[in-house]
Amino acid sequence: MSTAQHTPPMNKPLHKRTPSQTDIAEFKDLTKRDALTRLQKTVNKLVLTAQPQSQKNVRAEMDGFEQLFSRYLLDNVDQPSIDWQEIQPPPEGTVIAYKKLLEANIDDARDLLNKLIVVKLNGGLGTTMGCQGPKSVISVRSGLTFLDLNIQQLEQLNRTYGCDVPLVLMNSFNTHDETEKVLQKYSHVSVKIYNFNQSKYPRLDRETLLPVATNVEGSENECWYPPGHGDIYQAFYQSGLLDQFIEQGKEYMFLSNIDNLGATVDLYILKHLLTDQTKHEFIMEVTDKTRADVKGGTLIEYQNKLRLLEIAQVPKENVDEFKSVSKFRIFNTNNLWINLQAIKRVVEDKTLHMEIIVNNKTTEKGVNVVQLETASGAAIQSFEGAQGINVPRRRFLPVKTTSDLLLVMSNLFTLNRGNLVMNSQRSFPSVPLVKLGTSFIKVKDFLSRFQSIPDCLELDSLTVSGDVTFGKGVSLRGTVIIIANHGDRIDVPPGAILENKIVSGNLRILEH
């Protein structure tokens, strides 16, 4: 029996060619171009679903979104964007001590203040603290809300110096309508109040990278998102307010989070901005890191530019080094002073660059989505003469949680016309480290667990976990840890003084 010899067909190569780096790059490039084209087609259809009178605005917003998406594809932002070896500490003179500014003589306060506008980021909801509506309407001290305190501060400033510093609120679509209603009660105050909306961008399906919204008008809010506070530059420009303030002779904005109760107008920083020989288009207030701030962004020099380095940009193997208080000693408070003409220039010239933050979320319907965001401080690299000022800790008093709320409601601070001032009886300037457990997350539950806010003047650190309540007139000193295990309850009795104590188990005060 003869056997036929098998020979491979001539048209199939014996060796499979391995794709070269060029092939892979070309494939990725085509994929990206394809993703952008598909997105643009879908976005064009979305724009057409808007009411005819609002299509122009929606189109402008979607142009901004397409630019952001295009940069997302180009930057390949899933990878950390920093070469760790190239990081340098900020050059001498780029971060200066606040106390150096105190040597200035301020005899022209009114003129300085008339060149300033105050902008507060007001896009956040109070949901993380269990509250409905904008976070700025949560009551934080003596029945006053964040918004009340901010308006009181500016009212006092305008009256004292006979100046006209306006308050500008950047709302999101989540907070705008409610804020508009609340602002009606301030019609009598001596502060001009303006507000505008930041952009409303479509969330993208993580698999297809296409918008989950099918309609601009009818889609649920969870199909959309506000793209972070880095949107301030574009949104402020689009609102028309930027040009309006420049025409009025305003030169700088002081930008901060509305929930940072330490972010008040500072005449020494303003004087420095308007009179220093070097023109500073952008100043970032930084302050010394504590154990509570190890994740905060820090200033570095990178490729000959002053840059903000955020933890998301740090390679995994360098995260511990980034958190080190000895190597990176300062962090960004997000109190920013920015020249208005410079904002106009970088927006119009398209030279504004901020790293993209990729925020992965899951909607209530279980769809995995991507949000592309930017942070306002990252724009520091786009401005001339940028500088950091190392300010005292008192200028950073954020209220993100009820643990923070405990501090600002306590006797650690006194309230003076909208300004929170550290109690002079506190022997050191830093605030205690407070960690309240899950039973305290919502403001309503938090308030129900304190018959009165404890004396915290000598407190260093407080940790509370489980079902714990506090009677009237309790004093907390040193390090205090209170842990009620599952099923147990601890009632701290009225007038109790807890100093360097660990309390655990079960402690009930029975009514009789």
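Derivation of every value follows stated rules applied to the coordinates shown; laboratory data play no part. This structure is a prediction, so every number in the text was calculated from the model and none was measured. Counting neighbours? That spans all protein chains shown, and the Cβs are built from the backbone with ideal geometry, glycine included.
Results, tabulated for the structure shown:
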| read-out | value |
| --- | --- |
| Cα-centre dipole for the chain with unit charges at Cβ (Lys and Arg positive, Asp and Glu negative), debye to 20 | 580 |
| Dipole axis of the chain (+1 Lys, Arg; -1 Asp, Glu on Cβ), positive-most option in 330, 226, 162 | 226 |
| Beta bridges per DSSP with both ends in the chain, % antiparallel, nearest 5 | 45 |
| Hull-based mean projected area of the stretch 54-167, where the convex hull spans the alpha carbons, in square nanometres | 14.0 |
| Net charge dipole size for the stretch 237-317 [Lys, Arg +1 and Asp, Glu -1 on Cβ; Debye, nearest 20] | 240 |
| Residue-wise HN-Hα coupling along the stretch 315-327, computed from phi with Karplus coefficients 6.51, -1.76, 1.60 (Hz; x: Gly, Pro) | x, 3, 5, 10, 4, 4, 5, 4, 6, 5, 6, 7, 7 |
| Ratio Rg/Rh, restricted to the stretch 402-504 and using Cα atoms, in which Rh is the Kirkwood radius | 0.96 |
| Expected 222 nm ellipticity per residue - DSSP helices of 4 or more, -39500 (n - 2.57), all of the chain, to 500 | -8000 deg cm²/dmol |
| Relative contact order (%) - the stretch 374-434, alpha-carbon pairs under 8 angstrom, separation at least six | 26 |
| Percent of C-alpha pairs per 10 Å bin, the stretch 31-76, short to long | 28, 48, 21, 3 |
| Separation of alpha-carbon centers, the stretch 367-401 and the stretch 412-448, rounded to whole Å | 23 |
| The chain: proportion of alpha-carbon pairs further apart than 44 angstrom, % | 23 |
| Amide H within-cut-off set for residue 388, under 5 Å, with H built and near neighbours excluded | 95, 96, 284 |
